[in-house]
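The values are calculated or read from the model by the stated rules, or taken from the named source; none is laboratory data. Fair warning: this is a prediction, and the values are worked out from it, not measured in the lab. All Cβ positions, even for glycine, are placed from backbone atoms using ideal geometry, and neighbour counts span all protein chains on display. Accessible surface is based on the protein model in full, side chains and every heavy atom, while ligands, DNA and RNA are left aside. Shrake-Rupley method; radii C 1.70, N 1.55, O 1.52, S 1.80 Å.
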Amino acid sequence: MSTAITDQEPYEMGTTSDVMHLDALALAGTAALVSAIVMLLLGVFGAIGVYEGAVEMMQQWHMFFEPTVVGTVAGMIEAAVISFVLVYPFAWLYNLFAR
């Protein structure tokens, strides 16, 4: 067996140019999509009577969510907007401090 020899120590820190920057728009869009999908699943589960505790919590936390078709779509839109608005500044701030 051969062992690769490098000049870098195993735990040596890289340079500051190795810092990964986030695509804030892509991250916020992904968070919005995931939130909308979760809200859709909760709407479906609420309509068939499964996970009623989680559905009740979502009804308390979101103004427009109900386990109906209109309430589910409104909850999906609300969750997507809230997620986007919260995650985009987080990613922007991360990129700002990662410089």
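Here are a few things to note about the model shown:
- Flag for residue 38 being farther than 30 Å from residue 18 by Cα and at pLDDT below 90: no
- Positions within the range 60-82 being polar (S, T, N, Q), farther than 28 Å from residue 25 by Cα and outside any loop (DSSP other than H, G, I, E, B), in sequence order: 60
- Looking only at residues of the range 16-35 that are of a type outside the set (Ser, Thr, Tyr) and open to solvent by 70 Å² or more (accessible area, probe 1.4 Å), we find that the one that is modelled with the lowest pLDDT is 18.
- Residue pairs meeting the criteria (Cβ under 8 Å; at least 6 apart or on separate chains; first touching a residue at least 40 places away in the same chain (Cβ under 8 Å) and among the polar types (S, T, N, Q), in the range 68-90; second surrounded by fewer than 17 Cβ atoms within 10 Å (Cβ to Cβ) and assigned to a helix (DSSP H, G or I)): 83/34
- All told, residue 51 meets the bar of being surrounded by fewer than 17 Cβ atoms within 10 Å (Cβ to Cβ) and at positive phi.
- Note on the range 80-99: among residues that are open to solvent by less than 50 Å² (accessible area, probe 1.4 Å) and not hydrophobic (A, V, I, L, M, F, W, C), the one that is nearest to residue 32 (Cα to Cα) is 83.
- Leading residue by the ranking (farthest from residue 43 (Cα to Cα)) among those in the range 64-79 that are open to solvent by 40 Å² or more (accessible area, probe 1.4 Å) and out of contact with any helix residue (DSSP H, G or I) (no Cβ under 7 Å at 6 or more places or on another chain): 77
- Test: residue 13 is surrounded by 10 or more Cβ atoms within 10 Å (Cβ to Cβ) and modelled with pLDDT under 90: no
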